[in-house]
Each structure stands twice: as structure tokens, then as C-alpha cells.
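The values are calculated or read from the model by the stated rules, or taken from the named source; none is laboratory data. Note that this is a predicted model, so its numbers are computed, not measured. Note that we place each Cβ from the backbone using ideal geometry, even for glycine, and neighbour counts take in every protein chain shown.
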Amino acid sequence: MSKTSVLLGIETSCDDTAAAVLVDGKLASSVVSSQPQHVEFGGVVPEIASRAHEKLLVSVVESALQKAGVKKNDLTGLVVTKGPGLIGSLMVGVSFTKALSVGLCIPFIGVNHLEGHLASLFLSEQTPPYPHLCLIVSGGHTQLMRIDAPGKFLILGKTRDDAAGEAFDKVGKIMGLDYPAGPLIDKLSVSGNRAFHSFPRTRLKGYDYSFSGIKTSVLYYLNSFEEEERLIHLQSSLPDLCASFQEAVVDMLLSPVKKAVKDTGIRHVGLVGGVSANSRLRKRMSGLMDAQHGQMYVPDMAYCMDNAAMIAMAGHLRLELGEQSALSEIANPSLKLL
Ligand code: KG4
Ligand code: ZN
């Protein structure tokens, strides 16, 4: 029988300090500490984020170990996000992990943050078979992928400008909502009229995305009112505007997915990343996959947004392939998946 694997995952690529424990591929604990300090700036301030990671990481790791009922000496391996992300934030996680790896004499592996999001599907009861398609929709990325085996991917399409989450956050800012606006737009949209205003849908050839047009179109729409009138309009029609904007984004996200399912014949499709928490996107994607006689896979809500459980799972899949990182591994803010 193989020795029990007890992995500690660490995620510090942006503004969430997270740690998780995975025992033989099963999640034993997951702790995420968010940084509310960024709200007043309307976005993540890199310097504040890295300093906060430094302050929080030890206690977040201790809490993850305690919740899992695991001692440091029980750990058999470490997994850390090595990129992409904010350099200062990534360096906190990578340096910490390398030091712990030397101190405990156990291997570590640095993984790509996006590979973590892809692996979040394997934290659920029902996991997708290979090959499957996966739409990654987060604050920093929007891409449609084909996954043939662990670590074997193909990018079918990606955004040429803003990521979907970025579009939610920027449009939210235009509407006067706090950062990150995605969850709030989702909530407000529930009582809104999706047909209130028809924002233009950008559709590119192939599987690529573009969200800069819709952001500008919301801005132009609101700027067409005089200031006082605009505030009154926003007050009376905010849920309708949110629902109309959200519907347009969902339409744009799903159109390449539908095409990819038809073109590849692959009927197992995952939806991951922060925006996969969006209730309307989940509903519409589920409807699309039903119509295609396919199956949709989404992580539990807790593992849509950044977390270390998905990072630990990505590392688990890589370590099973016999891979590990050398101590020369460094954080790479612009790390590519391929
Ligand atoms: O994956 P994530 O936690 O961080 C990145 O890797 O970027 O994604 C964060 C993004 C933010 O842009 C946030 O506004 C968006 O996910 N988001 C949502 C929802 N929940 C989070 N967007 C739309 N609807 C939601 N319910
Ligand atoms: Zn993410």
C-alpha cells in the first residue's frame, strides 16, 4: 500500500491568503483570509496585498493544519502558486513554501494558478472524465480550454482584452458599486429585468472573447444622462441595468462554449474561476449542456473564488505524475499555462 499523502497547499497570488490540507487526494481543510483593506481603493493595491500576506500566512497555515487535525511533521509535500499574479504576493507564498520544504525535508511543487482553477473540478464528488472542456472565468483570465489529461491542455480561445471578472468589477465601479462588484451585480440582477436595455454582444471568430466593448457601452449609456438625472436613473434602475449587463456577458461567454462543444464533440464541460459563482451563468450553462445532451461540472461555491484547496489538488495531480520543483523555483508574475 502506498504511503499516505498529506499535502499543504498555499495560495497568495493576489489578495487572498489561503492554505488547505489534502489527505490522499481528499480535502481535509481549507482556510481563506480575504483582505478588506483594498475596498476603499476600488481594486487590489499590490504593496498592501504582499504586506498583508506576510502578516497572515503563518496563522492561516496553522489554522488549516489544525482544522485538518494534522501536525507539520505529518506533511509529505507542499504545493504553492508560483504564478501568474502579483510579484510581491507570489514571493511571500513561494519563499515561505521553500523554507518549509527545507525545514521539514519534504518536496514541494510550484503550480500555475490557472491550473489550480482547472483542478477545482476535482474537489467535487462528480469529476469530469478526460478529455473535457473548461471555461476559466476569473478576475484576471477568461479562457476556454480542452483538457486531455492532468497537465495536458490546449487553449482553444481567450480574451483579447478584459477578463470577464474584470468587466464585472469595472462596470460595477462605473455604477458606483464597491470592489469586487461581481457578486453584488449577481445579487442585484436577481430582481432586475434582463431585457431593460440591450447592451451589444461582441462575438469574435473562433473561440476568443472581448469584453472592453460592453464596458465602454455601459459607460456611454450612463454618460448619456446629465449628472443629476444619471444618479436618479441609477437609483431607480440599478437591478435592471445589472441584469441587462450580466445577460450580455453570459451570452458572450456561452457562445464559444456552444461552438466548441459542437466542433469537438466533447460534451463534458467545466466552469471554474471566480465568475463561475455567478448564478445566471451557472443556470444558462447548465441549460446549454442539457440541450447538448452533455454534462456541466462546477466547483462548490467555496472553491470558485481563489482558494488553496484547488492549488493543493493541482499539486496532487502533478506529484502523482512524479513531478516536483527544485529549490531554484521562483515566482513568475506572468507565468503562462502553455
Ligand atoms: O478567481 P478569482 O477569485 O480571482 C482571480 O483569479 O482573478 O475571481 C475573482 C473575480 C472578481 O472579478 C469577482 O468580481 C468575480 O470573480 N466574481 C463574480 C462573482 N463572484 C466573484 N462575478 C460575477 N458574479 C459572481 N457571483
Ligand atoms: Zn483565481
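So that you can scan it fast, the table gives a plain yes or no per residue for (1) in contact (Cβ under 8 Å) with a residue 60 or more places away in the chain; (2) within 16 Å of ligand 2 (Cβ to nearest atom); (3) surrounded by 18 or more Cβ atoms within 10 Å (Cβ to Cβ):
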{"residue": "S5", "(1), (2), (3)": "yes, no, no"}
{"residue": "D15", "(1), (2), (3)": "yes, yes, yes"}
{"residue": "A28", "(1), (2), (3)": "no, no, yes"}
{"residue": "H38", "(1), (2), (3)": "yes, yes, yes"}
Cross-chain or 6+ apart pairs with Cβ under 6 Å, the stretch 286-314 first and assigned by TED's automatic domain parsing to the domain that holds G85, then among the aromatic types (F, W, Y): A309/Y303; M310/Y303; M313/F122
Being among the small types (G, A, S), away from ligand 1 (no atom under 16 Å from the Cβ) and either assigned by TED's automatic domain parsing to the domain that holds K152 or touching a residue at least 60 places away in the same chain (Cβ under 8 Å) (or both) narrows it down to one of G85, G93, G103, G77, so name that one. G77
Of (1) within 16 Å of ligand 1 (Cβ to nearest atom); (2) in contact (Cβ under 8 Å) with a residue 12 or more places away in the chain; (3) in a loop (DSSP other than H, G, I, E, B), R201 satisfies every one except (1)
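If you go through the stretch 62-85, how many residues are closer than 28 Å to K336 by Cβ and buried (at least 23 other Cβ atoms within 10 Å of the Cβ)?
So the answer is 6.
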Based on what the data block shows, is L288 within 23 Å of P84 (Cβ to Cβ) and surrounded by 16 or more Cβ atoms within 10 Å (Cβ to Cβ)? no
Of the conditions (1) surrounded by fewer than 22 Cβ atoms within 10 Å (Cβ to Cβ); (2) farther than 18 Å from G139 by Cα; (3) within 16 Å of ligand 2 (Cβ to nearest atom); (4) of a type in the set (G, A, S), G315 satisfies every one except a single condition; which number is it? (1)
Name the residues in the stretch 195-205 that are surrounded by 13 or more Cβ atoms within 10 Å (Cβ to Cβ) and closer than 18 Å to A164 by Cα, would you? F199, R201, T202, R203, L204
Taking the condition of being surrounded by 24 or more Cβ atoms within 10 Å (Cβ to Cβ) and more than 15 Å from ligand 1 (Cβ to nearest atom), how many residues in the stretch 17-26 meet it? 3
Could you say whether any residue in the stretch 122-141 is of a type outside the set (S, T, Y), free of Cβ contacts under 8 Å to residues at least 12 places away in the same chain and either within 16 Å of ligand 2 (Cβ to nearest atom) or touching a Leu at 6+ places or on another chain (Cβ under 9 Å) (or both)? no
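Just the residues that are over 30 Å from K170 (Cα atoms), not in a helix (DSSP H, G or I) and not hydrophobic (A, V, I, L, M, F, W, C), please, taken from the stretch 263-285.
If the condition is that a residue be over 30 Å from K170 (Cα atoms), not in a helix (DSSP H, G or I) and not hydrophobic (A, V, I, L, M, F, W, C), then G265, R267, H268 are the ones that fit.
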Whether any residue in the stretch 18-38 is more than 24 Å from C105 (Cα to Cα), assigned to a helix (DSSP H, G or I) and under 19 Å from the mean Cα position of the chain (by Cα) is what I want to check. yes
From the residues in the stretch 257-275 that are crowded, with 23+ Cβ neighbours inside 10 Å and more than 16 Å from ligand 2 (Cβ to nearest atom), which one is farthest from the chain's Cα centre (by Cα)? V257
Just give me the residues in the stretch 289-333 being part of a helix (DSSP H, G or I) and farther than 24 Å from G182 by Cα, in sequence order. D290, A291, A312, M313, A314, G315, H316, L317, R318, L319, E320
Answer yes or no: is there a residue in the stretch 239-256 that is surrounded by fewer than 17 Cβ atoms within 10 Å (Cβ to Cβ) and farther than 21 Å from S210 by Cβ. no
So which residues in the stretch 156-174 are within 20 Å of L133 (Cα to Cα), away from ligand 2 (no atom under 16 Å from the Cβ) and surrounded by 20 or more Cβ atoms within 10 Å (Cβ to Cβ), if there are any at all? L156, G157
All positions within the stretch 283-311 that are within 16 Å of ligand 1 (Cβ to nearest atom) and among the small types (G, A, S): S286, A302, A308, A309
